[in-house]
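Asker: This is the structure I want to talk about, given as structure tokens.
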Amino acid sequence: MSQKGVKLNIGNRLKVLRKSLGLTQAQMAAQLDVSASYITLIETDQRPASAKLLMKLAQVYDMNISELAPEIDTQLTADFEAVLKDPALELPRLPKSEIDAVLQASPRIAAALVRLQGKHTDAMMRSQTDENPLTDRNKVEVLGQIARPVERVRDWFYANSNYIAPIDEAAEAQATDMALHREEPHVALTERLTHHGIRVRILPASVMSGALRRYDPHRKELMLSELLTQRSRRFQMGVLIARLEHEGLMDTVMADAGFVEDCQSLARVSLANYFAAALLMPYKRFLAACEQERYDIELIGHRFGASYEQVAHRMSTLQRPDARGVPFFFVRIDRAGNISKRFSAGRFPFSRFGGTCPLWNIHGAFETPEQVQTQIIRMPEGASYLSIARTVTRVGGTYNAPAQKHAIGLGCDLSYAARLVYADGLNLGTTEPTDIGLNCYLCERRNCASRAQAPINRKLAINERERSLALFRFEGEV
């Protein structure tokens, strides 16, 4: 999908933006170097906005394109469409125009229905799996993804575009105070802990008994396993500094977020990890390096002494209002396709249950370990993304217990792709995207040879006299 071909109706959003800035149509037109009549036509949805105008809006008013387009939250769209496919609702297949109309007119009602369906499903699954939770694998998968603390914390990060201002700003200020831009990070971090009377010890794996980090507040010792790389040791020291010096700040952030008791421990761990990454990769210096080096993950990792995963994850947080980077999504999966991390600074939708689409190059990354793979993907609603995938090896590997491998997926809306070194050599205007879905349960793409399940709201179509490439076909598919 080329930028030239992107056209979107953003009339209401543009009008709200203009009025919030206190501008007349003529004043906004002058600032955007277009005619006032063009602004009038767009605001009344008589003319779609081109990609060129969207980029100009983002530049002039320092905002993300995703704040204007699409007009509805993509994650809410994915969740709402999944709810409507629940067989319990007994709804006919609804046209996309009707679903979009509901989301545009009443997004809060749609979000409430998503929450209600989640609670209903959770209650139903618990009642059916309490006696023997292994009786139905599919129910276990759904139960494992709904109404748990991990999902609530993930949703909160998503709602904040994966940027937590108080934590990020505190970490950047501390990096300056510690002169991490001049000092060797490991030495500076060790000295900081020494000021707290804490000794850092590197211990044999046999002594650590499977743990990679252990803090003993009584003996004032931070014990790190010999299995950790130097990069990981620095990160773990940063985590402890967050807990020692910014516990009150994290408690305030969690209180403002409204986390209930069962979410607080996970949220505190997530915020401490966020702080450690922001301490080692301070926002302004890191963003400047990303823009200068066109988001070359490996090069920037060398510059900041961080791992591929740490850098990729940090890139997904660069959404400070006055200094935004590319709005990336980030995901980490294992060989079985299980998602252990997912964050999004943009509008990429994630499914709340099931795996990911097997056509996505993040799965193929395991076939070429440690090599970056690129792919242009297109979601069912039509949005296209540049996807970057590479495997990473986790810490802790030994002969008898080899380190786990995961695949890291990083991507952004195709309109940002030219800012990435990974787009070099790709013809963004003519390359046909690979059509993927959220997962097989929710995807209704036809004749897919990679399909593992029929959509949950469609009945299987069985033809006893024919065998096709697609193992699962459904009624209405030709």
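Asker: Go over the candidates Y295, Y274 one by one and state the one that is over 21 Å from L240 (Cα atoms), crowded, with 17+ Cβ neighbours inside 10 Å and hydroxyl-bearing (S, T, Y).
Answerer: Only one candidate passes the filter, namely Y295.
Asker: From the list L203, L189, exactly one residue is under 30 Å from N400 (Cβ atoms) and of a type outside the set (G, A, S). Which is it?
Answerer: Criteria check complete, one pass: L203.
Asker: Under 9 Å between Cβ atoms, at least 6 apart or on separate chains: pull out the pairs that start in segment 236-247 with a residue that is under 12 Å from I198 (Cβ atoms) and end on any residue that is among the polar types (S, T, N, Q) and crowded, with 17+ Cβ neighbours inside 10 Å.
Answerer: M237/T190; I241/Q174; E245/Q174
Asker: Looking at (1) at pLDDT 95 or above; (2) within 28 Å of W360 (Cα to Cα); (3) among the β-branched types (V, I, T), which is the one condition that is false for V331?
Answerer: (1)
Asker: Go through (1) modelled with pLDDT of 90 or more; (2) surrounded by fewer than 18 Cβ atoms within 10 Å (Cβ to Cβ) for M55 and report which single condition fails.
Answerer: (1) is the only condition that M55 fails.
Asker: Tell me whether segment 420-435 contains one or more residues that are among the polar types (S, T, N, Q), part of a strand (DSSP E or B) and farther than 22 Å from E309 by Cβ.
Answerer: yes
Asker: Assess whether S344 counts as being in contact (Cβ under 8 Å) with a residue 24 or more places away in the chain, of a type outside the set (D, E, K, R) and surrounded by 23 or more Cβ atoms within 10 Å (Cβ to Cβ).
Answerer: So S344 passes the test.
Asker: R219 - would you say it is in contact with a strand residue (DSSP E or B) (Cβ under 9 Å, 6 or more places away or on another chain) and either more than 23 Å from Q174 (Cβ to Cβ) or part of a loop (DSSP other than H, G, I, E, B) (or both)?
Answerer: yes
The values are calculated or read from the model by the stated rules, or taken from the named source; none is laboratory data. Small disclaimer: the values here were computed from a predicted structure and weren't measured. All Cβ positions, glycine included, derive from the backbone under ideal geometry; neighbour counts span all protein chains shown.
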